[in-house]
Structure formats: structure tokens, C-alpha cells
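What follows is a short report on a single structure.
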């Protein structure tokens, strides 16, 4: 079979001792990053891109390292959700609902093992789904012209804005800020500068890595200063960890259902892992015979969202690899990584650089096995890491952000720009404006404009060309629905509130 | 009380007007395509004004904005970060990093001794990690010292 021979090639690329070592290191760092409150997969990957790039890693090594970090962070997010009632990252929010009550009943070890296995099931099956679906989608994507791509980018912004935020105007504004920033620099077609105000540093445009690290990592430090690091986790204890076979058996169905829902949610552009775990939890509560136990330490309420968010992480790679359109904040950061490595995602990637695609898929499978081993028998190590106080952690993260950008660009101007993006990120979070659309706008802005202009060249300036094919009309309709539908659905999809925090 | 969303909407409107004005000055070349380099920025600017209007008309409830003391703290942190961005090139990695990390640590948890140790520890530790182990091109101290 085609897939098997491709996969064999992928393992040939990814199974060298060097890449295996990188996968182990990446998984370890990723789990830590995911577990620490305030650091999630997006921050973790964002911080490491400039550093791995400055280290001169080749494309495959960098991909293996950073996708291991990505998957590791998805696994790690559950640890602080369960032990501290603080989601380590946003997708792990739903895991707190039943995980924390379980921990308070003295079953923290059980919850950690079940959620670790659920993460594995979700991520592993999703990676297989990715293997089967991505080549098919890439064949469809071949037929996309500039008009279709323009509509597709619009769809990504609209669903991201519709699903991922509480206020459509704010997420649209965020996307527009990103697009506006992307316009800075030389115009590719005419070679004329735009919005540079004579500043030489701006001629090349604003480096998206500077923006990402600023928005995702530097902004955190302002938050922690404001809150004086209240979320630190000193004094966590975890008893002996045993494998609760009964719980695992009871929650197998929940894991599989969560995987299915999460995977589909991940594929939808703009939806991502948070929606995946949310829907998986709601579904599980809906089909369970004992919905009243959910929220009080029901093991299936831990398994379903955890399988869901990890499956969504795998599903989100599909649109990112085949179309170049990321489905979530973290895949946006991974897209930034690919662009930094001079790899352009899209249908051509599968035919022109098969070793990259299949090496990536193989390394995801490897990473999953490594993570299962790390996250079930070795989970105690990561619990120790949680006790690093935030007055050491946050300055450390900030300094790593500076080191990354400094060694990448060597310029004080870019570091100051990064700080400015950190301030922007802080203000946005205060105003409840999502920052992911800003990143997506910066990443996709030039491609979006380019496709629009190429479409107009093809049609000789006739704007109705944008709606001239069935595919593009479908995408426009989907975009409008994705943007508007949550206005009406929001009433039915209210998030359940977090369980009561420790009162002692 | 004035809603923060209203202020933000108004500020974004002004920014968008400036953006549109600046876009009218983008030069086109004789080789240009039917759309040219100005149309997409016009679309962005127009849409920003539209969204800002929505924010001004229908603002959300205010978040908890920090008090004056905290804002001062944040301003100090900002000054430290900007200062660090300018200092790390001429002064080398170790001294500015120790100072900046120490101040930030003090701001999160105001204990002078632990902040001092955090600053020095992070600065030396990160230098060893990045320079010696990972081989990044950092400079430890000002070049003319040695």
C-alpha cells in the first residue's frame, strides 16, 4: 500500500538516534511547558522556534523537536488541571471539571493515569486519521485557485472569530490588526514600501516570530506582576501511582467517542483543541447513564475531554499541512515554524517534500509512544516541576524569549518590538480580545492579499470572479455561517463553571 | 463609568484613519496589477472602522483594571524590558540579564534576597545553557573588558 511505504520512508527519516533523542527532549520539555500554569503549547513552541533556528537544526530535526513539544504540551496541560484546578493551558480547562474533584477524593494518581492513556488514545488515533485524510485532502486542494484560497483564508478568520471568542467584533478586529501589520514592508508585486514611514527596520516587514513571542510569552510577565504570582503550586503531594485497570476499562468508550469528536473539531479551521475537549465532554455527559455524577469526579469526565483535546491537536494539523491554513493558535505557531524553515505547506508539500510530511507523521507516532511512557510511569517528575515558584519561572521565560529573538535577529529594535507586542497582548487579554487571530492575520496577510490580486489578474479586475466557482461559493457560505452561527448557538453552548477551588 | 471598549474603539478608529491616510500615499508602479498595492489596505482600514463602531455602540462590561499602584508596577516592568532590549547588545548578556530578571522576580514576589539570587542564578544558568550547551552566539560581558 501507498501509505505503508510512505510511512516506512517516514520512519527511515525519523528513527535515527539523533532525531529520537530530539523527540525525547521535545516531549520532556513539552510536558513541562504544558503542565506549568500560564505556559501552554503556543507559548512553548513559540519560545523554542527562534532558539532551534539559531542552533542551526535542519528542517526535519527542528520539526521533530517542536512537534514533540507541541504534543507534549497537550499531554502536560492535564497535570495542573487535575492537581491544582488550574488548567495548564486552555484546552485542558474541561479536564479540571472532573479531574480536580477526583484529586480531592485522593484519586489524583488514577486521574493522571487515565487522562494520560486518554491523551495517548486521542493523539495516536488522530495521527492515523491524519495519515489517511491528509493525502486525500491535498489532492482536492490541488484544484484550488487564488479565488478559492482567498475564500479559504476568510473562512479561517471567520470560524476562528465565531467559535473562539465571545464577541465577533473583537475577534474580527484582532484579525484585522494582524492583517494590517502584515501589510508593513515592501509590496511584493510593485516593490514599493508600505507603512514603513521611512524606517529601514520595517522594510522587510515585521518578523512574525517577534510578534508571536511578544504576544504569547512576554505578555505573561505583565499578568503575573499584576496577580503577584498567585497561581503558584507549592505543596502539591501525589501518592503512589498505580494503574487503575477498572477505570481504564470503564472509560474506553469515552476515550473513543472523545477522540472522534475532537478529531472532527480539530479539522475545522479555526476551531481547535479547546472546542474539541469542550464538545467531547458535553457529548460524554449526554450519553452517560449517570450525568449527575459529572463534575463530581467521574472518571469518564476526565477521559473524554483529554482524548478530545489531543485528537483535535492531531486533526488541526490536517488543514495546516494540506492547505496552509492553521486551525488553532498552536498550529498557527507551527505554520510559523514551517515558514521559518522555508517549507510552504499546501498540496505541493505532499508531492515535492514527501520526506518532510512523512517524517513528521512518523515522529508524531514516536512522540506519542514516548509521551505515554513519560506521562504514566514517570508522571511524578513533572509533578515536582510544578512546584517551581512563579517568581523564578516568569523571569526565566521572559529571558528565554529575549535570548531567542536576540540570537535570531541580533537587533535591539526587534527586541523592543517584541516588548511592544507583549504590551499589546496584555491589553488584548484585558479587553477580552483574542490574540490568536492577530497571529493568524500576520501569518496569512500577505498570502491573502496575493491571492486576491492574482485572482483579479486572472479575471482582469472583475470582482465577481471571487464567487465564480462552486468551491469558492461554498467556502464563502461556510465563512458567513461560521461567523454568524455562534451568535445564535451561544445560548445553548454555555461553558460549565469550574469546580470550587480549594477552600482551605 | 466609561467603558474600556469604547475607548479602545475610538483609538482603533483613529489608528484606522491614519492607516487609510497613509495608504493613499503608497506609490504604485507602472507595472502594477488591476488591484494595486492600495486596495487591500483600504479594505482592512474600512473594516477596522466598522468593527470599532460596533465596539463603541455595544461595549462589553469592563474587566477589572488594575489600580494605580499596579499600573506603576507594570510601567516599571515595561521600562525594565525596554531597557534590557537596548542594553543587552552593548553590555553583554550576563549583567543586564541578572538585573532584569532580578527586578521582575522582585515584582512578582517582593523578597530582596530571593530576587537577587533568582537574577544571578537565571543569568548564569541561561548563559551556560545557551552559550555552552546549545552553542548560541551570546556575548557574556562587554567586549572591551577583555
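Key figures
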read-out: Relative contact order for the stretch A:64-125, counting Cα pairs under 8 Å that sit 6 or more residues apart, in percent; value: 26
read-out: For the stretch B:4-57, convex hull volume per residue from C-alpha positions, Å³; value: 49
read-out: The stretch B:4-57, relative contact order [Cα under 8 Å, separation at least 6], %; value: 62
read-out: Cα-based convex hull, the stretch A:1-66, per residue volume (Å³, whole number); value: 94
read-out: Sequence-separation-based contact order of chain A, relative, with Cα cut under 8 Å and 6+ spacing, percent; value: 29
read-out: Neighbour-count ranking [beta-carbon atoms within 10 angstrom, fewest first] of A:94, A:183, A:21, A:192; value: A:21, A:192, A:183, A:94
read-out: Spherically averaged projected area of the stretch A:1-116 from its Cα convex hull (nm²); value: 8.4
read-out: Relative counts (whole %) of C-alpha pair distances in the stretch A:414-483, using bins that are 5 Å wide; value: 4, 13, 13, 18, 16, 11, 9, 11, 5, 0
read-out: Calculated P(r) tail over 16 Å for the stretch A:98-163, as whole % of Cα pairs; value: 70
read-out: Ranked list, fewest to most other Cβ atoms within 10 Å of each Cβ, for A:201, A:391, B:144; value: B:144, A:201, A:391
read-out: Sorted largest first, extent of the stretch B:68-145 alpha carbons per principal axis (Å); value: 42, 24, 22
read-out: Kirkwood Rh and Cα Rg combined as Rg/Rh, the stretch A:356-400; value: 1.19
read-out: Semi-axes of the equivalent ellipsoid for the protein assembly as shown, Cα gyration tensor, largest first, Å; value: 35, 31, 26
read-out: Cα centroid separation, the stretch A:394-457 to the stretch B:67-146 (Å); value: 22
read-out: Calculated on alpha-carbon atoms, Rg and Dmax of chain B in Å; value: 23.4, 66
read-out: Helix A:59-84 vs. chain A, principal-axis angle (Cα, 0 to 90°, nearest 10); value: 40
read-out: Rounded to 10°, Cα long-axis angle of helix A:2-14 versus longest principal axis of chain A; value: 80
read-out: Helix B:39-57 axis, angle to chain B major axis (alpha carbon atoms, nearest 10°); value: 90
read-out: Dimensionless Rg/Rh of the stretch A:320-397 - Kirkwood Rh, Rg from C-alpha atoms; value: 1.12
read-out: Sequence of B:132, A:74, A:102, A:320 once ranked by neighbouring C-beta atoms within 10 Å, starting from the fewest; value: B:132, A:320, A:102, A:74
read-out: Mean-position separation - Cα centroids, the stretch B:13-46 and the stretch A:90-118, in angstrom; value: 52
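A short reminder: the numbers here are calculations on the coordinates, not readings from a lab. Given the structure is predicted, the values throughout are model-derived calculations rather than measurements. When we count neighbours, we look across all protein chains shown, and the Cβ atoms used for this are built from the backbone with ideal geometry, even at glycine.
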